[in-house]
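Below is one structure, written out as structure tokens; the observations come after it.
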Amino acid sequence: MTPRRGLFVRLLRSTFADFAALTIIVCGIALVDDGIAWRALREAAQIVAVWLLLSLLWAAWRTRSLVRVARELGVEVSADALNGTQTHTLTGIPLSRVRAELGVARRASEVRGGNPVDFRWRPFRNRASADGTVTYVESTGETHVEVRVGRRLGADVVLFRGAAFIALCQIVRTLESR
């Protein structure tokens with residue numbers, strides 16, 4: 001299975017599973033209201049079909065948006081893009097530049113200097129933020145970027161799935177000044 005297809009399948013399964021209880025309740029209400037009749041069963045089947053279609057469309061849209069963000073960075077996207085912690089390694093970016101770029105970035109807040117540099121990053125336009133850490137290793141000249149889901153941006157929130165990956169891509173793009 002290709003990495004994109006794996007991402008799509010994981011998104012589809014998680015989205016449908018998250019709302020399975022709600023779908024069952026709505027179907028149960030329809031069955032209780034009408035009794036066990038063909039009309040009620042048809043209505044319950046339609047509810048499940050509509051939710052499956054909506055889950056399919058949302059998973060396709062979210063997969064496409066994650067692939068587009070990854071393509072801008074030049075990274076291969078996979079089902080791991082939905083994990084709550086994302087890491088990436090950069091070379092040739094000194095710690096002073098990291099502090100300067102994060103200090104002026106509109107999406108960065110609470111930037112605490114030193115090595116590692118800790119900060120919050122807003123991947124979307126709302127107040128939800130991801131926690132970021134940038135560590136510079138002097139011996140190798142590598143800069144390690146780690147992003148974890150943070151305040152109101154939990155991995156369990158359906159609409160924010162993949163937010164840590166989006167934040168990572170935005171941070172790397174900012175540090176590389178793209």
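The GluC sites (Glu not before Pro) of region 1-91 that DSSP puts in a loop, and whose beta carbon has at most 13 other beta carbons within 10 Å, are Glu76. Taking Ala44, Ala81, Ala70 in turn, the Gaussian network model of the chain (Cα-Cα springs below 10 Å) assigns the largest fluctuation to Ala44. Charged side chains reduced to their Cβ positions (Lys and Arg at +1, Asp and Glu at -1) give the chain a dipole of some 500 debye around its Cα centre.
In region 25-165, taking the dipole from charged Cβ atoms about the Cα centre, the farthest positive-side position among Asn83, Val67, Val137 is held by Val67. Modelled label positions at Glu72 and Thr2, each set 7 Å beyond Cα in the direction of Cβ, lie 2.2 nm from each other. Note on the chain: along the principal axes its Cα atoms extend 72, 34, 22 Å, ordered by decreasing extent.
Given a 1.4 angstrom probe, I'd like the percentage of the accessible area of the chain that is carbon and sulfur, rounded to a whole number. Answer for the chain is 58 percent, counting heavy atoms of protein chains only. A 1.4 Å probe run over the chain, with the rest of the protein chains in place, finds 57 Å² accessible per residue.
The values are calculated or read from the model by the stated rules, or taken from the named source; none is laboratory data. Keep in mind that what you see is a predicted model, and the values were worked out from it rather than measured. Don't worry about glycine lacking a Cβ; one is built from the backbone with ideal geometry, like all the others, and counts go over all protein chains shown. When the accessible area is computed, the model is the full protein with side chains, heavy atoms only, and any ligands, DNA or RNA have been set aside. Shrake-Rupley method; radii C 1.70, N 1.55, O 1.52, S 1.80 Å.
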